[in-house]
1. Pairs, please: C-beta under 7 Å, at least 6 apart or cross-chain, first residue under 16 Å from Phe77 (Cβ atoms) and in the range 14-38, second among the aromatic types (Phe, Trp, Tyr) and surrounded by 11 or more Cβ atoms within 10 Å (Cβ to Cβ)?
2. If I filter the range 53-69 down to residues being out of contact with any Pro (no Cβ under 6 Å at 6 or more places or on another chain) and touching a residue at least 12 places away in the same chain (Cβ under 8 Å), which single residue comes out as most open to solvent (accessible area, probe 1.4 Å)?
3. Tell me which residues, restricted to the range 4-24, are within 25 Å of Thr34 (Cβ to Cβ), of a type in the set (A, V, I, L, M, F, W, C) and loosely packed, with under 12 Cβ neighbours inside 10 Å.
4. Which of the helices (runs of 4 or more DSSP H) found entirely inside the range 18-124 contain at least 1 residues meeting this: among the β-branched types (Val, Ile, Thr) and under 26 Å from Ile7 (Cα atoms)?
5. Out of the range 41-92, which residues are aliphatic (A, V, I, L, M) and over 21 Å from Thr28 (Cα atoms)?
Amino acid sequence: VQYGGKITDSLDVRLFRIYAEEWLTEKTCEEDYTYNPSEPIFKIPNDFQYQVPSFTEHSYFRKYIETFPEIDSPEIFGLHPNADLTFRVKEANSLFETLGETQPKGGGNDGGISREDTVYDKAT
């Protein structure tokens, strides 16, 4: 469900069933239904309400989608806000690891590859 929509093992099946039981029901199409938690731990940006709109025109759906927060709160997906923090820490660590890999490994300028050449090689 979250990883490209592929169900490849029993854990994926379990996750999909749980999501379907909670989010793919008739109640989610009711006018006042929202995916927002009743008491969020952190404020949802601009107090955005995650709802299924009842528009009939494609253009209205597009306008609605454009109002979504740039970064969704993990609480919308039933996760604690720390899930977002954990994700961002892992992303930052990965970035720094990649940057470290672009640095030359040798010392001195004894005819080795320059830092710029190393970055260029990795980028192309």
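The values are calculated or read from the model by the stated rules, or taken from the named source; none is laboratory data. Worth saying up front: this structure is predicted, and the values here are computed from it rather than measured. All Cβ positions, glycine included, derive from the backbone under ideal geometry; neighbour counts span all protein chains shown. For accessibility, only protein heavy atoms count, side chains too; no ligands or nucleic acids. Shrake-Rupley method; radii C 1.70, N 1.55, O 1.52, S 1.80 Å.
1. If the second residue must be among the aromatic types (Phe, Trp, Tyr) and surrounded by 11 or more Cβ atoms within 10 Å (Cβ to Cβ), the pairs left are Thr34/Tyr50; Tyr35/Tyr50; Asn36/Tyr50.
2. If we filter the range 53-69 for residues that are out of contact with any Pro (no Cβ under 6 Å at 6 or more places or on another chain), which is where we start, we get 53-63, 65-68.
Narrowing the set further to residues that are touching a residue at least 12 places away in the same chain (Cβ under 8 Å) leaves 54, 67-68.
On the way: Ser54: 101, Thr67: 82, Phe68: 76 Å².
Applying the filter and picking the extreme gives Ser54.
3. Just the residues of the range 4-24 that are within 25 Å of Thr34 (Cβ to Cβ), to begin with: 5, 15-24.
Those still in the list that are of a type in the set (A, V, I, L, M, F, W, C) too: 15-16, 18, 20, 23-24.
Once the filter is applied, which keeps residues that are within 25 Å of Thr34 (Cβ to Cβ), of a type in the set (A, V, I, L, M, F, W, C) and loosely packed, with under 12 Cβ neighbours inside 10 Å, the range 4-24 yields Ala20, Leu24.
4. Numbers: elements: 58-66, 82-101, 115-123.
Where helices (runs of 4 or more DSSP H) fall fully within the range 18-124 and carry at least 1 residues being among the β-branched types (Val, Ile, Thr) and under 26 Å from Ile7 (Cα atoms), they are 82-101.
5. As a first pass, look at the range 41-92 and keep what is aliphatic (A, V, I, L, M): 41, 44, 52, 65, 71, 76, 79, 83, 85, 89, 92.
Once the filter is applied, which keeps residues that are aliphatic (A, V, I, L, M) and over 21 Å from Thr28 (Cα atoms), the range 41-92 yields Ile41, Ile71, Ala83, Leu85, Val89, Ala92.
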